[in-house]
Amino acid sequence: LEKRPAAAPTSFPLASTLRIGIVHARWNTECIDALVKGSVDSLLKSGVKKENIHIESVPGSWELPHGTSRMIAASQIQASSAATDLMGATSLLDGEDSKPESQTSSGPLDAIISIGVLIKGSTMHFEYISEACVHGLMRIGLDTNVPVILGVLTALTEEQAKQRSGIGANAHNHGEDWGAAAVEMASKTKG
Ligand SMILES: O=Nc1c(NC[C@H](O)[C@H](O)[C@H](O)CO)[nH]c(=O)[nH]c1=O
């Protein structure tokens with residue numbers, strides 16, 4: 001049976017002020033797209049504003065720690081610089097032109113969800129990437145005091161990955177849990 005956390009103890013009045021980053025890998029994109037959507041839907045449902053959700057992608061799960069660390073640093077520089085033009089008017093949205101109507105807000109991020117899907121192959125590649133990725137993400141969260149939510153599926157089969165991405169019968173999208181965890185942890189840190 002799918003395990004998932006019990007509901008959070010309280011609601012989060014700060015949700016509308018929270019700025020949340022999502023860094024996702026580009027391997028196994030059917031699952032990635034579902035997990036990112038599940039996370040975003042969960043953030044919006046919790047009261048986070050769309051313009052306060054910043055999404056970037058990296059090649060694969062191995063790059064998630066670097067991409068996560070970079071997003072945190074960039075958001076903190078943005079917050080400290082007098083005007084965003086010092087950073088260039090680019091939004092953190094992945095590859096999108098930063099048109100005013102689509103530009104996301106600037107300022108330090110209150111939490112990050114790092115999303116990747118690793119599926120075991122016939123070599124040890126899976127084990128090494130998984131180990132390095134999860135340890136790297138834990139370290140960034142502790143070093144920066146910006147909560148980093150672990151959104152990395154380490155699946156032995158494609159079916160397992162789909163089941164946890166909400167794809168197929170009786171599947172549960174773990175992105176929904178990650179969105180809720182990001183709001184809870186960001187609220188604890190900001191509150
Ligand atoms: O190999 N399988 C996978 C993978 N490999 C690429 C790796 O993360 C990295 O991008 C390259 O090694 C380049 O540094 N990345 C994933 O997210 N999932 C996988 O299942």
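The values are calculated or read from the model by the stated rules, or taken from the named source; none is laboratory data. Please read these numbers as outputs of a predicted model, since none were measured by experiment. Reconstructed Cβ throughout: ideal geometry from the backbone, glycine too, with neighbour counts over all protein chains shown.
Results, tabulated for the structure shown:
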| item | result |
| --- | --- |
| Selection from region 145-181 of residues that are surrounded by fewer than 17 Cβ atoms within 10 Å (Cβ to Cβ) and farther than 17 Å from Trp27 by Cβ | Asn145, Gly168, Ala169, Asn170, Ala171, His172 |
| Per-region count, region 56-106, residues away from the ligand (no atom under 16 Å from the Cβ), modelled with pLDDT of 90 or more and surrounded by fewer than 20 Cβ atoms within 10 Å (Cβ to Cβ) | 3 |
| Of all residues in region 4-52 being of a type outside the set (Gly, Ala, Ser) and modelled with pLDDT under 95, the one that is nearest to Ile72 (Cα to Cα) | Leu14 |
| Test: residue in region 118-133 that is within 25 Å of Pro9 (Cβ to Cβ), acidic (Asp, Glu) and either touching a His at 6+ places or on another chain (Cβ under 8 Å) or assigned to a helix (DSSP H, G or I) (or both) | no |
| Checklist (1) more than 18 Å from Thr17 (Cα to Cα); (2) away from the ligand (no atom under 16 Å from the Cβ); (3) of a type outside the set (Val, Ile, Thr); (4) at pLDDT below 95 applied to His125, failing item | (2) |
